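Asker: I'd like to ask you about the structure that follows.
Please treat every number below as a calculation from the coordinates, not as lab data. Model, not experiment: these values are computed from the prediction. Here the Cβ positions follow ideal geometry from the backbone for every residue, glycine too, while neighbour counts run over all protein chains shown.
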Ligand code: FAD
């Protein structure tokens, strides 16, 4: 027909969702075209999200650790930060990973079409070529015909309408650009992204304020964990403003002057404050409204999300959607798992493989991690959620003050907390429903709790599993033993 290119599967967007879908589909023998407007693959996660933030957080964590070594008997001098070199390190990390993706795409014969995609029909996408940063369109257009499509167009940072356009007002992408270190920084939004970036800037020398509408930082995490995080991080902040809204902002020669208002009656808020840098981290909005999805018949919600079933299928049976664009939690590991489901369903249907065609996203839980210092990681039900849902739970809370390894590390502030079903039907052998940890390396250990939930483990299963000594991971076994009431001694 009138198409320049054709394929079995068109993937729109080259982030963790998009490249994972494209690679799995190609591995399953399908002809795949991947459309991405930017030069590099990897999407938000590799270019301006998970990876660059962790490259900087690692350096910040080492700096903080070293600054405490004096108490353990080893003194270092005051750190000298070369911000250009630090930025260069971050860029190199991104380059290695995005370069790796390009090589993997080539190896799998995934065709990458560089440009901005818009649907022009139920089986056609028009791609307008882009150059440079990915925003400039060259005017040259191509039409791709597809049998199936996977929409993986992701999300972008929400910008408050009253924020002035000013280089001193940034979103996470601007903060990761790491131009310089401000003296006073305001973080709008007390979620993971804001607190991670705040950690980096504060270790590099900035004083922080944070403003959050709700009644606590890191919503979604267990309050017992957040309490410890907040105590450890209090020295970074001049002011933690909870139940407070930002209502106006003005660019002045001295800085960005921000006004606050109570989000609830009776809350005291400070006078307007002036900051050298304001980070907007108030959430992310899906890109669903920017794809002319209606031309393909794909329904998009008012907020820009695309609804899908457990096979990641939209209302149009041959068009799928995955990742941030289909809803919360907006996390890379969720996008990757959804991507594999969509690719497998499509391959199964095209090739008549019933088992593959029956693939579905049925993860019980999706873990979350704040890669701050200490880290906070959680998965499944929290104690507050259990209470709200009327589920009776037995908890096992293991303080790291009883962990030999944590003490040896000089970092025994952590806690591991597990929740088990304690409803009468469980007869005292309730399965694990959720868990979390605050402490160093918590993010690297949360996978074990996720596995326990997926496997339907109970406290005995986890407690009797031999964990190596002395490790921080032992704390998971100990928390299970405490929940089961069989904890006799602690190392
Ligand atoms: P995206 O990564 O958003 O990719 C979408 C891609 O589609 C983009 O490359 C975009 O250019 C392209 N695109 C969109 N529309 C079009 C179009 N019309 N034509 C062509 N191309 C288009 N998650 C974690 O799990 N762990 C973390 O530690 C973590 N840290 C984060 C830190 C920050 C600062 C941020 C902002 C996010 C972080 N996230 C983290 C979230 C994670 O980045 C996202 O969940 C993930 O990138 C979503 O993947 P995706 O494939 O759905 O979309």
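Asker: Using R₀ = 45 Å, calculate the FRET efficiency as 1/(1 + (r/R₀)^6) where r is the Cβ-Cβ separation of residue 83 and residue 355; round to 0.05. It would help to have the intermediate numbers written out before the result.
Answerer: On the way: r = 53 Å, r/R0 = 1.18.
About 0.25, to the nearest 0.05.
Asker: So if each residue of separation counts as 0.36 nm, and I subtract the Cα-Cα distance between residue 397 and residue 460, what length gain in nm does that give? Please report the intermediate quantities before stating the final value.
Answerer: Numbers: separation 63, 0.36 × 63 = 22.68 nm, distance 1.51 nm.
Extra length available between residue 397 and residue 460 comes to 21.2 nm.
Asker: Computed over the Cα atoms, what is the radius of gyration of region 133-188 divided by 2.2 N^0.38 Å, N being its residue count? If you can, show how the numbers build up before the last one.
Answerer: Working: Rg = 17.7 Å, N = 56, 2.2 N^0.38 = 10.2 Å.
Taking the Cα Rg and dividing by 2.2 N^0.38 Å, one obtains 1.74.
Asker: Where both partners of a DSSP beta bridge lie in the chain, what percent of those bridges are antiparallel, to the nearest 5? Each step should come with its number before you reach the end.
Answerer: Working: 50 of 83 bridges.
Expressed as a percentage, antiparallel bridges in the chain total about 60.
Asker: By how many nm would the segment from residue 67 to residue 299 grow when fully extended, if each residue of separation counts as 0.36 nm and the alpha-carbon distance is taken off?
Answerer: Details: separation 232, 0.36 × 232 = 83.52 nm, distance 5.31 nm.
Working it through step by step, the gained length comes to 78.2 nm.
Asker: So how many Å³ per residue does the convex hull of the Cα atoms of region 375-491 work out to?
Answerer: Details: hull volume 10.3 nm³, N = 117.
It is 88 Å³ per residue.
Asker: If all Cα-Cα distances of region 214-306 are sorted into 5 Å bins from 0 onward, what percent lands in each bin, rounded to whole numbers?
Answerer: 2, 10, 14, 14, 16, 13, 11, 10, 6, 3, 1
Asker: Extension gain residue 159-residue 129, at 0.36 nm per residue separation less the Cα-Cα distance, in nm? All intermediate terms of the calculation are to be shown ahead of the outcome.
Answerer: Details: separation 30, 0.36 × 30 = 10.80 nm, distance 2.68 nm.
Full-extension gain reported as 8.1 nm.
Asker: Per-residue ellipticity at 222 nm for the chain, helices alone: DSSP H runs ≥ 4 residues times -39500 (n - 2.57), over residue total, nearest 500 deg cm²/dmol?
Answerer: On the way: 14 runs with 160 residues, N = 491.
When only DSSP H runs of four or more count, the value is -10000 deg cm²/dmol.
Asker: Determine the distance separating the Cα centre of region 419-491 from the Cα centre of region 264-282; give it in Å without decimals.
Answerer: What the calculation gives is 40 Å, centre to centre.
Asker: Additional query: In the chain, if every C-alpha pair distance is counted and binned at 20 Å from zero, what percent goes to each bin?
Answerer: For the chain, the binned pair fractions read 21, 50, 27, 1 percent.
Asker: When the convex hull of the Cα atoms of region 254-326 is projected onto a plane and the area is averaged over all directions, what value comes out in nm²? Don't skip to the answer; put the middle values down first.
Answerer: On the way: hull surface 32.6 nm².
Averaging across all directions leaves 8.1 nm² for the Cα convex hull.
Asker: Bin by bin, in steps of 5 Å, what percent of the Cα pairs in region 1-139 do you find, going until the bin that has the longest distance?
Answerer: 2, 9, 15, 16, 15, 11, 8, 6, 5, 5, 4, 2, 1, 0, 0
Asker: Per residue and in cubic angstrom, what volume does the convex hull of the Cα atoms of region 146-231 have? Walk me through the numbers before you get to the answer.
Answerer: Values: hull volume 14.3 nm³, N = 86.
In region 146-231, the Cα convex hull volume per residue is 166 Å³.
Asker: Hey, what's the per residue convex hull volume over the C-alpha atoms of region 242-290, in cubic angstrom?
Answerer: Values: hull volume 5.7 nm³, N = 49.
Convex hull of Cα atoms, per residue: 117 Å³.
Asker: Now for a separate question. Estimate the FRET efficiency between residue 254 and residue 389 by the formula 1/(1 + (r/R0)^6), using the beta-carbon distance for r and 56 Å for R0, to the nearest 0.05.
Answerer: Values: r = 49 Å, r/R0 = 0.87.
According to the calculation, E is roughly 0.70.
Asker: May I ask for the equivalent-ellipsoid semi-axes of region 58-143, computed as the square root of five times each C-alpha gyration tensor eigenvalue and listed largest first in whole Å?
Answerer: Values: eigenvalues 433, 46, 27 Å².
That gives 47, 15, 12 Å for the three semi-axes.
Asker: FRET efficiency for residue 471 and residue 362, Cβ-Cβ distance as r, R0 = 35 Å, nearest 0.05? Don't skip to the end; give the middle numbers.
Answerer: Working: r = 31 Å, r/R0 = 0.89.
About 0.65, to the nearest 0.05.
Asker: Translational D (Stokes-Einstein, µm²/s) of region 199-263 at 10 °C and 1.306 mPa s when Rh comes from the Kirkwood sum over C-alpha pairs? Present the calculation step by step, with values, prior to reporting the outcome.
Answerer: Values: Rh = 13.3 Å.
Calculated translational D: 119 µm²/s.
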